[in-house]
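Some notes on the structure that comes next.
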Amino acid sequence: SAPLNIMVWAGAPSVAELAKLGVRRISLGAAIAQAAYSLVRDAAAEILRYGTYDTTRAELTHGDLNTAFVH
């Protein structure tokens, strides 16, 4: 009778698919942190190999980030 909670990762079924199966809550666990550390690793490797910084090209502006964290 308790809600069903699931840990997900890249390649797992979508939220909609899991909801159809009765899942009430999903967790990404460490997946977001792992993705961020992967970016750090890739950026460092690019700097060391090529002396460039393209890996760090941001999709979000500083304004976008400020708005996201103020609310």
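The values are calculated or read from the model by the stated rules, or taken from the named source; none is laboratory data. Worth saying up front: this structure is predicted, and the values here are computed from it rather than measured. Methodologically, a virtual Cβ is constructed for each residue, glycine included, from the backbone with ideal geometry; neighbour enumeration extends over all protein chains shown. SASA here: full protein model, heavy atoms, side chains in, ligands and nucleic acids out. Shrake-Rupley method; radii C 1.70, N 1.55, O 1.52, S 1.80 Å.
All of (1) open to solvent by 50 Å² or more (accessible area, probe 1.4 Å); (2) touching a strand residue (DSSP E or B) at 6+ places or on another chain (Cβ under 7 Å) hold for VAL8 with one exception: (1).
Mind listing whichever residues of segment 14-28 are assigned to a loop (DSSP other than H, G, I, E, B), farther than 12 Å from LEU4 by Cβ and open to solvent by 70 Å² or more (accessible area, probe 1.4 Å)? LEU28, the sole residue that qualifies.
Being open to solvent by 90 Å² or more (accessible area, probe 1.4 Å) and within 13 Å of the chain's Cα centre (by Cα) is the requirement here; does TYR37 meet it? The answer is yes for TYR37.
Looking across segment 40-53 at every residue that is in a helix (DSSP H, G or I) and open to solvent by less than 50 Å² (accessible area, probe 1.4 Å), the one that is nearest to MET7 (Cα to Cα) is identified as ALA43.
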